[in-house]
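Asker: Sharing a structure below in structure tokens format, with a few things to ask.
The values are calculated or read from the model by the stated rules, or taken from the named source; none is laboratory data. Please read these numbers as outputs of a predicted model, since none were measured by experiment. Because the Cβ atoms are built from the backbone with ideal geometry, glycine has one as well, and the counts that use them run over all protein chains shown.
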Amino acid sequence: MKRWMGILLALALMGALCACGKAAPKEDAGEDGPVILKEADDNMINTYTLLAVNPDAPFADADGRRVEDVSLNTAGAAALINWLLSEEGEAAAAAYGYADYGEYLFYLLDGRPVSTAEIPSATDETRRIRLSTTTSVNDSGLLGCLLPMFEEKYGYETEVFSAGTGKAIANAKMGNADLILVHAKKQEEAFVADGFAYVLPGMESERMSYMYNYFVLCGPASDPAGVKDAPDVLQAFQRIADGKHAFISRGDGSGTHTKELSLWPAELGISAEADSFKAFTDWYISANAGMAACLTMAREKHAYILTDKATFLTFRANGGAL
């Protein structure tokens, strides 16, 4: 998979991107870690997808009762999506992080959608946009970089609901979001199949996958399971299970949790159901918490954990805070 960086346009935008910079990285969050032990494995690619919420979707509350009179800002959602998929928006996402970390945190997919649509300025009726999204693009600082660029240029105000992908999607299904930006393919496909998304004009499908980064397997620097030397991430997870080494799971239906579940040896039968890991609770800890809380737990318990690289680097740079 080629990593197209949009170098020429990124250089042209360098002055604007300087405002996206974060404080210089601090020392590691602690000598006991967590530290990155396994990365850049093909099984750890983390793809992000935009979906516009269908105003005619069958919205329902948490108890399954139909929600009536849902009003969505479809014009505002289209404006934000088209900007994120424009050359300017995509170049800004691709350039994010290099100034602070010496490496890119997000990459653009080959064959991704690129929008050339004209983006209207906000009106009183379209100004407020509700974005429901995953914690990784928020906690990493990416949205804190991109959204002010969009808002200053076009006059919109974006209200961000940030949670694990499962909760971000559930929020949209209750009629509380105009668009979503998430990273769990099966959940996205179910969202589309259930009628909650529509094809934006100029696009080919409801799911607009356009960028990716990598999940990373982190743990104590001492690496008691020897995952750093494992030939791939699947063998790394096998070693954690075989040695019953402490592992912190998001346990919250997020995209990170979904990816983690796919990496365990099939014979363990670990799934989202609590009964599936009740025999492993001496080492497998299901936190049902966000990434920041789980990374803190991993540090305190000298445990292994799966996270996305952008969020981990931000956590480390901020001394263990997001």
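Asker: Suppose we filter Leu306, Leu295 for residues that are assigned by TED's automatic domain parsing to the domain that holds Lys38, part of a helix (DSSP H, G or I) and under 22 Å from the mean Cα position of the chain (by Cα); which single one remains?
Answerer: Sole residue among the options that is assigned by TED's automatic domain parsing to the domain that holds Lys38, part of a helix (DSSP H, G or I) and under 22 Å from the mean Cα position of the chain (by Cα): Leu295.
Asker: Any idea which of (1) touching a residue at least 12 places away in the same chain (Cβ under 8 Å); (2) among the aliphatic types (A, V, I, L, M); (3) surrounded by fewer than 21 Cβ atoms within 10 Å (Cβ to Cβ); (4) closer than 28 Å to Tyr104 by Cβ is the one Ala274 doesn't satisfy?
Answerer: Just one mismatch for Ala274, condition (4).
Asker: Further question on the same structure: Taking the stretch 158-196, which residues are among the small types (Gly, Ala, Ser) and out of contact with any helix residue (DSSP H, G or I) (no Cβ under 7 Å at 6 or more places or on another chain)?
Answerer: Passing the criteria: Ala168, Ala170, Ala172, Gly175, Ala190, Ala193, Gly195.
Asker: Pull up the stretch 154-174, narrow it to residues that are touching a residue at least 40 places away in the same chain (Cβ under 8 Å) and out of contact with any strand residue (DSSP E or B) (no Cβ under 8 Å at 6 or more places or on another chain), then point me to the one that is surrounded by the most Cβ atoms within 10 Å (Cβ to Cβ).
Answerer: So, considering only residues that are touching a residue at least 40 places away in the same chain (Cβ under 8 Å) and out of contact with any strand residue (DSSP E or B) (no Cβ under 8 Å at 6 or more places or on another chain), the one surrounded by the most Cβ atoms within 10 Å (Cβ to Cβ) is Gly166.
Asker: Further, regarding this structure: Given the criteria farther than 16 Å from Val35 by Cα, touching a strand residue (DSSP E or B) at 6+ places or on another chain (Cβ under 9 Å) and charged (D, E, K, R), does Glu260 qualify?
Answerer: So Glu260 passes the test.
Asker: What are the pairs with Cβ atoms under 8 angstrom where one residue, in the stretch 108-124, is over 12 Å from Leu80 (Cβ atoms) and assigned to a loop (DSSP other than H, G, I, E, B) and the other, located anywhere, is modelled with pLDDT under 95 and among the aromatic types (Phe, Trp, Tyr)? Sequence gap at least six, or different chains.
Answerer: Asp110/Trp4
Asker: Then there's this: Against the definition (out of contact with any Asp or Glu (no Cβ under 7 Å at 6 or more places or on another chain), closer than 22 Å to Ala163 by Cα, among the basic types (Lys, Arg) and not in a strand (DSSP E or B)), how does Lys259 come out, yes or no?
Answerer: Judged against the criteria, Lys259 is a match.
Asker: Residue by residue through the stretch 255-271, note down the ones that are touching a helix residue (DSSP H, G or I) at 6+ places or on another chain (Cβ under 7 Å) and loosely packed, with under 13 Cβ neighbours inside 10 Å.
Answerer: Ser271
Asker: Being under 22 Å from the mean Cα position of the chain (by Cα), in contact (Cβ under 8 Å) with a residue 24 or more places away in the chain, in the same structural domain as Leu306 (by TED's automatic domain parsing) and surrounded by fewer than 20 Cβ atoms within 10 Å (Cβ to Cβ), is that true of even one residue in the stretch 188-203?
Answerer: No, the stretch 188-203 contains no residue that is under 22 Å from the mean Cα position of the chain (by Cα), in contact (Cβ under 8 Å) with a residue 24 or more places away in the chain, in the same structural domain as Leu306 (by TED's automatic domain parsing) and surrounded by fewer than 20 Cβ atoms within 10 Å (Cβ to Cβ).
Asker: Condition first: among the hydrophobic types (A, V, I, L, M, F, W, C), closer than 17 Å to Tyr212 by Cβ and not in a helix (DSSP H, G or I). Can you find one or more residues in the stretch 85-99 that meet it?
Answerer: Residues of the stretch 85-99 that are among the hydrophobic types (A, V, I, L, M, F, W, C), as a first pass: 85, 91-95, 99.
Checking the rest, the ones that are also closer than 17 Å to Tyr212 by Cβ come to 85, 91-95.
Checking which are not in a helix (DSSP H, G or I) leaves us with 85.
The answer is yes; a qualifying residue exists.
Asker: Only one residue in Asp229, Asp242 is assigned by TED's automatic domain parsing to the domain that holds Lys278 and under 18 Å from Gly33 (Cβ atoms). Which one?
Answerer: The conditions single out Asp229.
Asker: Across the stretch 231-251, what is the number of residues that are part of a loop (DSSP other than H, G, I, E, B) and surrounded by 22 or more Cβ atoms within 10 Å (Cβ to Cβ)?
Answerer: Let us first name the residues in the stretch 231-251 that are part of a loop (DSSP other than H, G, I, E, B), namely 231-232, 244-246, 250-251.
Retained after the next criterion (residues that are surrounded by 22 or more Cβ atoms within 10 Å (Cβ to Cβ)): 250.
Of the residues in the stretch 231-251, 1 are part of a loop (DSSP other than H, G, I, E, B) and surrounded by 22 or more Cβ atoms within 10 Å (Cβ to Cβ).
Asker: Further, regarding this structure: Return yes or no: is Ala99 farther than 26 Å from Ala172 by Cα, in the same structural domain as Gln187 (by TED's automatic domain parsing) and modelled with pLDDT of 95 or more? Spell out how you get there, then give the answer.
Answerer: Numbers: farther than 26 Å from Ala172 by Cα: yes; in the same structural domain as Gln187 (by TED's automatic domain parsing): yes; modelled with pLDDT of 95 or more: no.
Spelling it out, it is not the case that Ala99 is farther than 26 Å from Ala172 by Cα, in the same structural domain as Gln187 (by TED's automatic domain parsing) and modelled with pLDDT of 95 or more.
Asker: Now, a different point. Filter the stretch 51-66 for residues that are among the small types (Gly, Ala, Ser) and at pLDDT below 95 and give the result. Reasoning before the result, please.
Answerer: Initially, the stretch 51-66 is screened for residues among the small types (Gly, Ala, Ser), giving 52, 57, 60, 62, 64.
Hits for the stretch 51-66 are Ala62, Gly64.
Asker: If you don't mind, another one. When the stretch 110-130 is examined, which residues are found to be in contact with a strand residue (DSSP E or B) (Cβ under 7 Å, 6 or more places away or on another chain), surrounded by 19 or more Cβ atoms within 10 Å (Cβ to Cβ) and more than 19 Å from Gly144 (Cα to Cα)?
Answerer: Selection gives Pro113 alone.
Asker: Ok, one more. Among the listed residues Leu181, Leu143, Leu131, identify the single one that is of a type in the set (A, V, I, L, M), in a helix (DSSP H, G or I) and within 18 Å of Gly290 (Cβ to Cβ).
Answerer: After ruling out the rest, the residue left standing is Leu143.
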